[in-house]
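Below is one structure, written out as C-alpha cells, with a few remarks after it.
The values are calculated or read from the model by the stated rules, or taken from the named source; none is laboratory data. Note that the structure is a prediction, hence the values are computed from the model and not measured. FYI the Cβ positions are ideal-geometry reconstructions off the backbone, even for glycines, and counts take in every protein chain you see.
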Amino acid sequence: MPATEEDLLPHYPFSDRGDRLAPELRDLQRRCPVARVRTNAGGEAWLVTGYEPAQHVLRERKFARSALAGPDGPTQDAPILAPELLDAMGYLQRAGLRDEVLKALGRAQPCLPAEWVAQVTREGLDAMVEAGGPGDLQHHFAEWVAARCMCRTLGLPFEDRHWLAERADLDLTMVTPTNEELARNWEELRLYMHQHITARPAEPRGLLDRLADLNDRRRGLDDKQLSNIAALLFVTSYEDFASFLGVAAVHLLQYPEVIDGLRARPDTMPQCVEELLRHGVVLGNAIPRFVTQDDKLGDVSVKEGDLILLSLDAVNYDPDAFPRPGSFDPARSPNPHLRFGYGRHHCPGAHLVRRQSETAFATLLEHLPGIRLAVPADEVPWVPNRMAIMPAAVPVMW
Ligand code: HEM
C-alpha cells in the first residue's frame, strides 16, 4: 500500500544528545519553523522551532497548558496522571502556597549559602579524585551537586537520593516503560512524599514541610494533590538541574580558552552560564500547549484543539534571534534565550539554577586546575530516550 502524506510526517522527538542540535531540528527550523509532526503517542502536533512563534505561543493565554490534562486532551508522550502535575504553580497559588515556593527558589535562596554549595561541590570532586582517573563528572559533579542542593532545599533526606533519582529517571524516560509501569513508579514516589510530609517533625526540614504546615492551616490542597506536587518538585528540579550541569560541563570543557578567561575574570561567570544555558541541548521532548482559540503562527493557521510542541533548544539556535547561533560565545549580549520558558509558566527554579551553577562551575575550575575531558567530545555517551537529556558519563582527567 502506498504511504499516505500523514505516514510521512516527521516523528518527534529528535534529540538524543546534548552537545549538538539534532540535524532534523535544524532542518525544520530553516524550512518550516512551524511544522506538522507525529508524536510519541501516535497523534499529530505542530512543532515550533522558530523563536518568534515560540515566544508568541508562550505569551498568549489562548495557548494553554492546563487544558492538556482534560480527558479529551491530545497526548504528547505518556498520559498526564493528575491535573496538578501540569499546573503545579497554579494549584499552589490558589492554595496560597506559591509565595513560599518562590521564597525558597528565588534570588535569596536562604537554604543554599554559596559557601555550603562550594563545599559540597569540593566534596564530590574529592571523592572522584580519590577513586582515581578517569573520573566521571556526571556522577561526581552534576548529579551530586543537583541532589545535594535539591534535597536540602526541599528538606528530603540525602541518603534517599539513589532511590529518589531512580524513580525520577524512570519518570523522564520516553520510550521503554509501559503507561502502567510509569503510573506505578509515580505512585511509589507520591506515596514516599506523602509519608515524608505526614511524619514531619515540629521544626520544618525544608520547603516541603513548610508547604505542608501552611496547607494544614489553609486546606487548599488535598493530601494527594500536595504529595503529587511534592514529587513533581523533586523530579523536575533534580532532573533538569543534573541534566543541565552535565551537558554544560561537556560544553565548557571543550573550550580551554574560555576556561582560562573565567579563571582570569571570575566575574564573567554569570554571562558564561547564560551562554551554557542557551547553547546546551537539554530537552529530549518539547514544551506542550493546547490551542483554545484559532490563531496564526506566521503563515500557519492553528485551530482550537490542536497540540503545539515548542522545541526550546531549536528556538535558542534561531539565527534571527541569535547571531551565529552555533558558536559558543561566553560574552554573548544580549542573550534572550528561552531555556526557562517565558511568560506565565516561566520556570520558578531559574534563579536557583543560575546562582548554584555559577558557584559549582567556579569551584570546579578552582579546585581542579587541570580538569579536561578524557575522551574526544564526540565519544561522550548519552542516555537514550530521555525528556531531560543527560550524559551517561562525563569522563575526565585532572
Ligand atoms: C536547568 C534546569 C531547569 C530547566 C532547563 C528548567 C526549565 C523549565 C521550563 C522551560 C519551564 C516552563 C515549562 C512550560 O512553559 O510549560 C519550567 C517550569 C517549571 N520549573 Fe523548571 N527548569 C529547571 C530547573 C528547575 C528547578 C531547579 C525547579 C525547582 C523546583 C524547577 C521547577 C519548575 C516548575 C515548578 C515549573 C512549572 C512552572 C509553572 O507552571 O508556572 N525547575 N522549567
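Quick notes on this one:
- Hits in the range 255-284 (condition: surrounded by fewer than 17 Cβ atoms within 10 Å (Cβ to Cβ) and within 15 Å of residue 19 (Cα to Cα)): 255
- Put simply, of 92, 102 the only residue that is within 15 Å of the ligand (Cβ to nearest atom), at pLDDT 95 or above and surrounded by fewer than 16 Cβ atoms within 10 Å (Cβ to Cβ) is 102.
- Any hit, the range 304-321, residues being at pLDDT 95 or above, within 14 Å of the ligand (Cβ to nearest atom), among the acidic types (Asp, Glu) and in contact with a Leu (Cβ under 8 Å, 6 or more places away or on another chain): yes
- The residues of the range 323-356 that are surrounded by fewer than 14 Cβ atoms within 10 Å (Cβ to Cβ) and within 7 Å of the ligand (Cβ to nearest atom) amount to a single one, 346.
- Residues being in contact with a Lys or Arg (Cβ under 7 Å, 6 or more places away or on another chain) and in a helix (DSSP H, G or I) - total across the range 157-190: 4
- Scan of the range 357-385 for residues that are basic (Lys, Arg) and within 16 Å of the ligand (Cβ to nearest atom), ordered by number: none
- When residue 166 is tested against (1) under 19 Å from residue 236 (Cα atoms); (2) touching a residue at least 24 places away in the same chain (Cβ under 8 Å), only condition (2) is not met.
- Filter result for residue 243 (of a type in the set (Gly, Ala, Ser), crowded, with 22+ Cβ neighbours inside 10 Å, in contact (Cβ under 8 Å) with a residue 12 or more places away in the chain and under 22 Å from residue 351 (Cβ atoms)): yes
- All conditions but one from (1) within 15 Å of the ligand (Cβ to nearest atom); (2) within 30 Å of residue 157 (Cβ to Cβ); (3) modelled with pLDDT of 95 or more apply to residue 224; the one that does not is (1).
- Inclusion of residue 233 among residues that are touching a residue at least 24 places away in the same chain (Cβ under 8 Å) and more than 14 Å from the ligand (Cβ to nearest atom) is not warranted.
- Residues of the range 198-251 that are among the hydroxyl-bearing types (Ser, Thr, Tyr) and in contact with a Lys or Arg (Cβ under 7 Å, 6 or more places away or on another chain): 227 alone.
- Residues (within 16 Å of the ligand (Cβ to nearest atom) and under 17 Å from residue 201 (Cα atoms)) located in the range 153-174: 153, 154, 155, 156
- Set 260, 240: member being among the acidic types (Asp, Glu) and within 16 Å of the ligand (Cβ to nearest atom): 240
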